[in-house]
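Asks: Take a look at this one; I'll ask things after.
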C-alpha cells in the first residue's frame, strides 16, 4: 500500500504553493532549461522506463513505448520553445488615448501563471499523458508547480518517472516542491479539494471526468477543470473512396482501431461506409491478437461495451479476431436507422479493440446519421477528388476538435497548430491538452495601469527587453 | 407582467440555433458591418434611450448615461475592428514535418464561434453591460447569436434597446433570430438549461452568479459560464503619497467610491491608509447626497451591508453624508487587527456608496492585511517615487486582474490591453468581459489535418486570402 495520505497531500500542495512564490518570478529561459534538462534525463533513462512500462501496461516496447517516450521528451522541448518564443504571454501595450470614451490610460496586459496545478495521469499513455506528460510540461513551462496523481495502472513507471523528473529539476536549479507525485484515490480527491490548487488537468473516462468536474464545481472557490474524456472519432468513407481504395482503407482502419489494443482516445469507433463496401469486405483479414488490456477495469469495461452494442437488434458481428492475453478484437455493423434508434447504446465509446461500421445508402442518410453524433476529438473523411463533401464537413467541424482528410486519427502530432479537444463529451472546455496552446490553460491575464517602468514585468516594459512579439496600440509587432 | 415563458425561450433559442447556421459562415467584414450599424442606430436613438434609462435607474443622464452610451457604441466599434484585424482567429499553419515524433501532417488551426450565447444583463450599467453591452457585442462579433436575459431593474430601457438592435441587425442583413430579448427569472433559468445554448455571460452579484454557475454545472452537457461578480478593489495609500497629496487623494477617492452612487463593480471598497492619514482627515468634506439606488433589492442589500460592517467591534464611522432619495454615503474605519479578525464580515463587498478605511501602522502590518484579501477585479497603489512597493505589488498582482498605479479603478477603459476579471470571487474563469480579448470566451479551436485547400476556412488557406496575421511553422507572420 503506497497511497499518499490526505495529510501528505496537504504538505505537498503547500510546498507547491511555496515553490510558486519562486516560479512566478522565473524568466522564460530558466524554465525552458528546466524542461530540456528533464527531457534529457528521461531520454537517458529511456531503456529502464520502457522496460517497466511494458511490463506494467502490456503495451509493446517497440515501436509503441519507444515512440511514446520520444514524443514525451519532444513535448517538453516544444514547450521550452514556446515560452522562449514569447507570444504565449500575449503581451499587449496600449499607450494613453485621452480622446477615447472612457479615456484610455497607459494599459499593459500579460498572462501570468495561475498557481499550483493538479494533474491526473492517464492509463493509456504511461509517458505522454502521465507523470511527465503534456499537462505537466505545459504547466511547468508557464511557471505553475505540478502535483501529479499517478494512474494506478502503472505505479512503478510513475514512481521511476517521478524520481527522474524530481532529480532533473533539482539539478536544473528549480525550487523544491515544484513537482511531486501522489498516489491513490483519496489522494486525488484531496488534491482537487485543496485550496492552493488553481487548476486541474485530467485525461480519462467520461464517467471519471464528470465525477471530478462535479467535485471541482462544488469547491467554495471554483477553479478550471480541464478534462480530456471520451470520443467516438467518426470516420466517413465516401462511395468514391471506397471504390478507389477500399482494401487499403480497410487495412488502415484495422491498424488504427487496433493500435495499442484500441486504447486510444482517438480510436476510430464508428465508421460510415457505403452499403456493400469494399472496406467491410476487406476488414476481417486484418484482425490481430491483442495483448491484455491496460487494467482489469478496462478489460471489464470492454466486455460490457461489446455486450451492450451486440445486444442491439439490427447490429451484427462482421468479424472477430483471436483472443490472446487480451480480448478478441471485434467489428460490428449496422444501418443508419438502427444507429439513430439506438443512439444511446451505440454512440457511447467502447474503449478497446472494437469499431462499428454504419452502412449508409445515400448522402442524405449519411448526413442524417452524422447529425445524431455527439461531440468528439476528431472526425475523418476519406474522399475522392470531385466528390462534394462541403455539407458533411460543415457538420463535422461543428462537433469535432480536429477534422482529418485522409489519414487516421490515432497518432496526435505535437505542434503549434494541433488541437486535441472538442465539444462535450470529448472535453468540457475550449482548450487543448496537446500542442503549443495547451499552456493557455494554466495562465491568467493581469493588466497594469499607469505602472512605473520599474514595476512592470519585463515583457511589458516600453523597450521590450525580452524581444518578444507584442500587440502595441492594436497592431502586432514582431521583432526581427 | 411581460415574463417570457419557457416555451417562448425554447422557440427563441431554436431560432438562435437556426441563425447560427448562417452566422458561422459569415465573413468578418459582414459581422463588423452589423456591429457598426447597430452602434449607429444606438447613437441615433441616444436621447430617448438615455431619458428612459435615467428614469428607470435614477442614474444622472449627463455625464453618466451619456458617457455610458458612448462607451457602449465604442465597444461595438472596437469589436468590429478586432474581427477585421483578424488575429482573434489565432490562425496557425504547420506544414508537414515527417521527421518529428510523431510525424507532423499538414495541420491548420483556427478559432470558430461556439454557438448561441445567453447573456444576463447587469443592473448597474443599463447600456454598457446590458442588452447591447460587451457580452452581446463580443459574442455577435465572432458569429455567435445572442439571447439576452434583461435585468428587471430597467425593463423599458431593455426593450427599447432590443428593438433598436433587432431593427439595425435586420437592416444590416443579419439572419433572423441572431439576437433576442427575454425577461423574467424563469426565462433566465430556461435559458441556461437550454441544450442549444453554448455559453453564458453574466454580470452581477456573487450570490446570483454562484447560483447560475451551479445550475450550469449541473447541465448534462457542461458549457462555459463567464461570471463577472463581486470585487473589493483595494486601494493602498503609502505614507509618502499621503504626506504629499492626502487631500487630493481624499477628493479622488470620494469621487470614485460615490460614482454612480457606489454601484460599480470596480468601486474602491477598502482603502489602506497610514494611521492618522491626511486622506482620512480630508474625506468627510467630500460626501455627496446620492440618488436612490438601482433597485429595492440593492437598497436593502446596502442597508444590510452597512449594518454588518458597523456591528463589528473596532469599526467606527468616520463620516456620513446626507440621505436624499438614496441612502446616506458612509465611510467607516478600522485597524489591521480588526480587519484580520473579522475578515468574513469586513471583506465582503458592500454594493453602494460605502468604503472602509483600514489604518496601518507599518509596512509589515500593511502586507499582513493585504494577505487576508480575497481575489478582485482591481488593486490600486498610490505611492511616491522612491518608496519600495515591490513586495506589495507582487502580492496585489496575485489577487487582482488589474493593478493601477495612481488613478482610480472606476471607469474601465475599453481597449486591446484591458483586463476586467480576476481571481474568485471577481470572476470564475481566466477571461475578461471588457476589451478586445473578451471575444475569446465565445470561440473554440478546430484543427484541419491534410485538408484540401477548397475545404479549408479562408483564414487557413495557403495564400492567406484574408491577409491576417498568422503563425506559420511556429513563427508569427504579420502581413504589411
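The values are calculated or read from the model by the stated rules, or taken from the named source; none is laboratory data. Since this is a predicted model, take the numbers as computed values, not measurements. Neighbour counts run over all protein chains shown; Cβ positions are idealised from the backbone, glycine included.
Asks: Check off (1) farther than 18 Å from residue B:204 by Cα; (2) modelled with pLDDT under 95; (3) within 7 Å of chain A (Cβ to nearest Cβ) for residue B:480 and give me the number that stays unchecked.
Replies: (3)
Asks: Could you check the range B:166-197 and list, in sequence order, the residues that are over 25 Å from residue B:427 (Cβ atoms) and part of a helix (DSSP H, G or I)?
Replies: Correct list: B:166, B:167, B:168, B:169, B:170, B:171, B:186.
Asks: How many residues are closer than 12 Å to residue B:181 by Cα, in contact with a strand residue (DSSP E or B) (Cβ under 7 Å, 6 or more places away or on another chain) and in a helix (DSSP H, G or I) if we restrict to the range B:131-158?
Replies: Here the count works out to 2.
Asks: Which condition number in (1) in contact with a strand residue (DSSP E or B) (Cβ under 9 Å, 6 or more places away or on another chain); (2) within 11 Å of another protein chain (Cβ to nearest Cβ); (3) free of Cβ contacts under 8 Å to residues at least 60 places away in the same chain is the one that residue A:338 fails?
Replies: Residue A:338 satisfies every listed condition except (2).
Each row is one residue, and each column tells you yes or no for (1) surrounded by fewer than 17 Cβ atoms within 10 Å (Cβ to Cβ); (2) not in a loop (DSSP other than H, G, I, E, B).
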site	(1), (2)
A:337	yes, yes
A:366	no, yes
A:373	no, no
A:386	yes, no
A:392	no, yes
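Asks: Regarding the range B:440-450, can at least one residue be identified that is at the interface with another protein chain (Cβ under 10 Å from one of its Cβ atoms) and out of contact with any strand residue (DSSP E or B) (no Cβ under 7 Å at 6 or more places or on another chain)?
Replies: Yes - at least one qualifying residue is present in the range B:440-450.
Asks: Then there's this: If residue B:389 meets every condition in (1) more than 28 Å from residue B:288 (Cβ to Cβ); (2) more than 14 Å from chain A (Cβ to nearest Cβ) apart from one, which number is that one?
Replies: With respect to (1) more than 28 Å from residue B:288 (Cβ to Cβ); (2) more than 14 Å from chain A (Cβ to nearest Cβ), residue B:389 is out only on (2).
Asks: (1) out of contact with any helix residue (DSSP H, G or I) (no Cβ under 6 Å at 6 or more places or on another chain); (2) under 28 Å from residue A:63 (Cα atoms); (3) in a loop (DSSP other than H, G, I, E, B): which one isn't true of residue A:313, the others all being true?
Replies: Among (1) out of contact with any helix residue (DSSP H, G or I) (no Cβ under 6 Å at 6 or more places or on another chain); (2) under 28 Å from residue A:63 (Cα atoms); (3) in a loop (DSSP other than H, G, I, E, B), the lone unmet condition for residue A:313 is (2).
To keep it simple, each residue is scored yes or no on (1) surrounded by fewer than 17 Cβ atoms within 10 Å (Cβ to Cβ); (2) assigned to a strand (DSSP E or B); (3) in contact with a helix residue (DSSP H, G or I) (Cβ under 8 Å, 6 or more places away or on another chain).
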| position | (1), (2), (3) |
| --- | --- |
| B:244 | yes, no, no |
| B:251 | yes, no, yes |
| B:260 | no, no, yes |
| B:266 | no, no, no |
| B:273 | no, yes, yes |
| B:283 | no, no, yes |
| B:326 | no, no, yes |
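Asks: Determine if the range B:348-363 includes at least one residue that is out of contact with any strand residue (DSSP E or B) (no Cβ under 6 Å at 6 or more places or on another chain), assigned to a helix (DSSP H, G or I) and either modelled with pLDDT of 95 or more or not assigned by TED's automatic domain parsing to the domain that holds residue B:259 (or both).
Replies: Within the range B:348-363 (the criterion being out of contact with any strand residue (DSSP E or B) (no Cβ under 6 Å at 6 or more places or on another chain), assigned to a helix (DSSP H, G or I) and either modelled with pLDDT of 95 or more or not assigned by TED's automatic domain parsing to the domain that holds residue B:259 (or both)), the answer is yes, since at least one residue qualifies.
Asks: How many of the residues making up the range A:198-228 are within 13 Å of chain B (Cβ to nearest Cβ) and assigned to a loop (DSSP other than H, G, I, E, B)?
Replies: Qualifying residue count for the region: 8.
Asks: Within the group A:276, A:301, A:314, A:269, which residue is farther than 27 Å from residue B:449 by Cα and within 23 Å of the chain's Cα centre (by Cα)?
Replies: Unique residue meeting the criteria: A:301.
Asks: Moving to a separate point now. Inside the range A:76-103, can you point out the residues that are modelled with pLDDT under 95 and at the interface with another protein chain (Cβ under 10 Å from one of its Cβ atoms)?
Replies: Hits for the range A:76-103 are A:100, A:101, A:102, A:103.
Asks: Of (1) surrounded by fewer than 17 Cβ atoms within 10 Å (Cβ to Cβ); (2) facing another protein chain (nearest Cβ under 7 Å), residue A:462 satisfies all except one. Which?
Replies: Condition (2) is where residue A:462 drops out.
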